[in-house]
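Peer 1: Attaching a single structure in structure tokens format; questions to follow.
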Amino acid sequence: MKRTIEEIVTIYELEPSTNRDVFVEGVSDRELIVWYMSELGQSGRAVYPIDLVDVPSGLLQELGLPHGSNRSRVIALAIRVWQEISQEQCGLIFIVDRDLADFIDGQIPPRGIVMTDGASMDGYLLSDSSVDKYLSLVCRVAPLYVCGVRESIYRILAYTFALRIALQRLNMAVRIVSLSKLISIDGVAVSINEVELVRRTLLAGNQVARLNEVFDEIKDIRAIVDAKAGGDFANGHDAFLVLGECANSMARDSAYREERRVRMALMMALKRSDLDERELFKLVM
């Protein structure tokens, strides 16, 4: 049963400064933070996905937040709680994905809300060491080639991320087509047809006439979006799809076409040290 915002406020009004519970967008976000706390040997702090709270659509409309977004729901909950319990007294922590906030006006949440270091919580699973272990153990890539394969995957993810930014900057309500049929895997060579990705995406959205405009925007964005940043400039769903295709092609294991399997493998490969120096985990812990 979901809690109302009024019930949440009542619960935390009793001891606002000593309570350091955490609210996040989804269950997988919760799992990552709980795992990290267990690695540190910490207990006593609860982490809740926003689905456990009833955030009315009317409140989102009142605050001018997008509907159908868990990110919006977390922000709305924080604002509503802070209306009753001042930020200075409130010990609750609200975490949202950074998403495209560094590139699109109006996406930066109110002061006090914690954003992920990169675009999403999923990005923390894409550390060099966890991706390398996935490529070695799941995809059976020989050690000599692991780094090169990882860098190729990061380039695909960075380009796709830049395309997402370009579409939003140009106010184009177009969804990127699935990457699965555009990824080319030949041995340990992994690539994507970037031109065809953009063309098919715009074709599906009846916007192909703006092809050159989108390419120009992507070119400007790529000067900022560095593939070397790995998971920081990546959409989690894109990353899991590409890694799943690598497992299917390189190890003939189609089971990893399920996002859940890829996520689980990356979680198992993750090390606490991958997160120790990330700002979000410093703030939360």
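Peer 1: If you take every residue apart from residue 141 with its C-beta less than 15 Å away from the C-beta of residue 141, what net charge results, scoring Lys and Arg +1 and Asp and Glu -1? It would help to have the intermediate numbers written out before the result.
Peer 2: Working: positive: 133, 140, 150, 252; negative: 128, 132, 151, 186, 245, 253.
Residues near residue 141 contribute -2 overall.
Peer 1: Using the charge dipole of the chain (Lys, Arg: +1 at Cβ; Asp, Glu: -1 at Cβ; taken about the Cα centre), state which of 185, 172, 96 has its Cα farthest towards the positive end.
Peer 2: Projecting each Cα onto the dipole axis, the largest value belongs to 185.
Peer 1: For the Cα atoms of the chain, what angle does the longest principal axis make with the long axis of helix 211-222, in degrees from 0 to 90, nearest 10?
Peer 2: Value to nearest ten degrees: 70.
Peer 1: With a ≥ b ≥ c taken as the square roots of the eigenvalues of the C-alpha gyration tensor of the chain, please select rounded if a/c is under 1.5 and otherwise prolate if a/b is larger than b/c or oblate if it is not?
Peer 2: Numbers: a/c = 2.29, a/b = 1.40, b/c = 1.63.
Since a/c reaches 1.5 but b/c is at least a/b, the shape of the chain is classed as oblate.
Peer 1: Shifting gears a bit: Putting +1 on Lys and Arg Cβ atoms and -1 on Asp and Glu Cβ atoms, find which of 55, 42, 27 reaches farthest to the positive end of the dipole of the range 24-68.
Peer 2: It is 42.
Peer 1: Let me ask you something else. Under unit Cβ charges (Lys, Arg +1; Asp, Glu -1), what dipole magnitude, rounded to 20 debye, does the range 1-124 have relative to its Cα centre?
Peer 2: Details: 10 positive and 20 negative charges, 19 e Å.
Magnitude of the dipole: close to 100 debye.
Peer 1: As a check on your grasp of the helix formula, calculate [θ] at 222 nm for the chain: sum -39500 (n - 2.57) over DSSP H runs of n ≥ 4, divide by the residue count, round to the nearest 500.
Peer 2: Values: 12 runs with 141 residues, N = 285.
Estimated from H runs of four or more residues: -15500 deg cm²/dmol.
Peer 1: Would you mind calculating the relative contact order of the chain from Cα pairs under 8 angstrom and at least 6 residues apart, reporting the percent as a whole number?
Peer 2: 19 percent
Peer 1: Related question: For a quick check, take a GNM of the chain with Cα springs below 10 Å and name the residue from 129, 72, 86 with the largest mean-square fluctuation.
Peer 2: 86
Peer 1: If one takes the longest principal axis of the Cα atoms in the chain, at what angle in degrees, from 0 to 90 and to the nearest 10, does the Cα axis of helix 194-204 lie?
Peer 2: Computed tilt is about 60 degrees.
Peer 1: Could I ask something else about it? Helix 236-250 versus the longest principal axis of the chain: what is the Cα-based angle in degrees, 0 to 90, to the nearest 10?
Peer 2: Between helix and principal axis, roughly 40 degrees.
Peer 1: Going by amide H atoms built from the backbone, whose H comes under 5 Å of the H on residue 47, apart from near neighbours?
Peer 2: Hits under the 5 Å cutoff: 22.
Peer 1: Apply the Karplus curve 6.51 cos²θ - 1.76 cosθ + 1.60, θ = phi - 60°, to the phi angles in the range 274-285 and return the couplings in whole Hz, x for Gly and Pro.
Peer 2: Rounded to whole hertz, the list is 5, 10, 4, 9, 7, 4, 4, 6, 5, 5, 6, 8.
Bear in mind these aren't lab numbers, they're just calculated from the coordinates by the rules spelled out. Just so it is clear, the model here is predicted, and its values are computed rather than measured. Cβ coordinates were reconstructed from backbone atoms using ideal geometry, including for glycine residues, and neighbour counts include every protein chain displayed.
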